[in-house]
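This report refers to the structure that appears directly beneath it.
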Amino acid sequence: MSEKEKMLAGLTYNSRDPELLEQYYVARNLLANLNNFTPIDSEQRNELFTLLLGGFGDNVWIGGNTVVLPGITIGNNVTIGAGSVVTKDIPDKVLAFGNPCKIIRPRDYFCGCLLELFSLVGKFEGTS
């Protein structure tokens, strides 16, 4: 059994194994590149996220200090709250947070509330 297989199985392993060290340095370089992208570079940033973490949909926001376990897929139009630990796949159009991360509600709920609020604000602004 390789050191990587031991690590993935949760067993004691040698963290100085050459294969693991090589992957560690590759990941560090990719993360350094990720931190240097500007908002204009969103396509390149998304490709790098996919390479590092797996399947991420479009329009995904992940709060700070969030942990996403390997092999997890996150759908389109998803918000993950700060400090969450994502242990299962997250479907499209949801708000999710917690440890472990759980779906709190559909994201469409907020869109409907915001549209209603904006329509009310527009009515008040029109009367002044």
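Derivation of every value follows stated rules applied to the coordinates shown; laboratory data play no part. The structure displayed is predicted, hence computed values, not measured ones. Quick reminder, even Gly has a Cβ in these numbers, built from the backbone with ideal geometry, and neighbours come from all protein chains shown.
General observations
- Formal net charge of residues neighbouring Asp108 (Cβ-Cβ distance under 12 Å; K, R +1; D, E -1): +2
- 3J(HN,Hα) from dihedral phi, region 38-47, Karplus parametrisation 6.51/-1.76/1.60, rounded to Hz, x for glycine, proline: 9, x, 5, 8, 4, 5, 5, 4, 5, 4
- Sparse-neighbourhood loop sites, GluC sites (Glu not before Pro) in region 1-66 - DSSP loop, at most 16 other Cβ within 10 angstrom: none
- Placing a label point 7 Å from the Cα of Ala82 along the Cα-to-Cβ direction, the residues of region 38-66 whose backbone N falls under 12 Å from that point are 63-66.
- Placing R0 at 41 angstrom, the Cβ-Cβ distance between Thr12 and Val60 gives a FRET efficiency of 0.75 after rounding to 0.05.
- Cleavage-rule hits, trypsin sites (Lys or Arg not before Pro), region 2-51, DSSP coil, Cβ neighbours within 10 Å at most 10: Arg16
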